[in-house]
């Protein structure tokens with residue numbers, strides 16, 4: 001479970017009631033956030049997935065999502081529109097964030113569960129003037145089909161239960177995300193990590209095998225193998241704003257480290273990159289039939 005940010009006292013308001021609905025890939029629940037007047041939390045099969053504040057879409061509830069927000073803020077000129085591809089949709093938290101912090105941004109979201117998307121759009125309306133399209137399709141198929149060099153930003157946050165579908169963990173998949181990016185574009189992926197950290201090390205090694213510039217963002221306790229959590233891996237073929245990113249992540253309510261260069265090489269030392277060949281015989285179900293709750 002992801003850490004949640006510091007609380008803002010809720011104001012007096014009308015009664016809000018949780019909404020339960022069976023969607024295509026599980027049981028979805030929208031629950032009022034009692035600490036924020038206009039905020040809601042999305043659960044899928046009891047697992048917290050997303051936090052949305054309708055009054056302030058720039059508020060990011062979960063810490064790892066906030067870290068991806070820092071990347072978006074710092075990797076591109078402030079306020080400038082971006083063309084973003086989101087693999088995994090959930091409550092559309094990051095698309096909302098980009099829509100209000102970078103007006104005019106064009107965004108495509110791949111979310112397999114069309115019934116979940118319907119619930120979210122009914123109960124959590126998108127910001128006025130947004131340019132967000134949601135495609136009810138498999139994430140791998142969408143990133144395979146987009147025009148090469150057409151996106152500034154690709155964000156991947158797709159899970160089957162607590163595990164990313166295997167074909168979305170491979171070097172071949174990372175290469176498809178790189179193909180979708182314009183020069184100077186950025187890839188960000190959420191990785192569930194440890195302990196043990198072997199799978200996380202391989203996940204980072206896989207991104208490094210494709211992208212020339214790579215860093216990861218995680219809390220120190222996670223990197224020491226003391227607990228489970230989320231780490232964010234960032235890849236690009238241009239320089240990343242490492243110093244600014246370090247300052248932003250260090251000032252968060254749950255401070256995180258930005259690991260790059262020699263420190264990152266030591267973290268992945270000996271870890272093999274994941275390829276399609278290494279997962280093809282270990283996939284229990286296809287991506288089309290596995291549930292894909294996400295954390296946005």
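The values are calculated or read from the model by the stated rules, or taken from the named source; none is laboratory data. In this text the structure is predicted, and so the values were computed from the model without any measurement. In this analysis, Cβ positions are derived from the backbone assuming ideal geometry, glycine residues included, and neighbour counts consider all displayed protein chains.
A few notes on this one:
- Taken together, the residues in segment 1-42 that are modelled with pLDDT of 85 or more and either farther than 16 Å from residue 121 by Cβ or in contact with a strand residue (DSSP E or B) (Cβ under 6 Å, 6 or more places away or on another chain) (or both) amount to 25.
- There is at least one residue in segment 127-140 that is surrounded by fewer than 18 Cβ atoms within 10 Å (Cβ to Cβ) and under 20 Å from residue 65 (Cβ atoms).
- When 87, 74, 112 are checked against the criterion of being touching a strand residue (DSSP E or B) at 6+ places or on another chain (Cβ under 6 Å) and crowded, with 16+ Cβ neighbours inside 10 Å, 87 stands alone in meeting it.
- Among the residues of segment 149-159, those that are under 14 Å from the mean Cα position of the chain (by Cα) and either at pLDDT 85 or above or over 23 Å from residue 97 (Cα atoms) (or both) comprise 153, 154, 155, 156, 157, 158.
- Filtering segment 164-176 for residues that are at pLDDT below 95, crowded, with 20+ Cβ neighbours inside 10 Å and either in contact with a strand residue (DSSP E or B) (Cβ under 7 Å, 6 or more places away or on another chain) or under 14 Å from residue 154 (Cβ atoms) (or both) leaves a non-empty set.
- Matching residues in segment 43-58 - criterion: being crowded, with 20+ Cβ neighbours inside 10 Å and either within 13 Å of the chain's Cα centre (by Cα) or modelled with pLDDT of 95 or more (or both): 49, 50, 51, 52, 53, 57
- Among the helices (runs of 4 or more DSSP H) confined to segment 184-278, the ones with at least 1 residues that are free of Cβ contacts under 8 Å to residues at least 60 places away in the same chain and surrounded by 18 or more Cβ atoms within 10 Å (Cβ to Cβ) are located at 198-208, 220-223, 242-250.
- Reported count of residues in segment 163-177, each being touching a helix residue (DSSP H, G or I) at 6+ places or on another chain (Cβ under 7 Å) and under 14 Å from residue 87 (Cβ atoms), is 8.
- Here 112, 126, 108 are screened, and the one residue that is touching a helix residue (DSSP H, G or I) at 6+ places or on another chain (Cβ under 9 Å), at pLDDT 95 or above and in a loop (DSSP other than H, G, I, E, B) is 126.
- Residue in segment 70-93 that is in a helix (DSSP H, G or I), closer than 22 Å to residue 136 by Cβ and modelled with pLDDT of 95 or more present: yes
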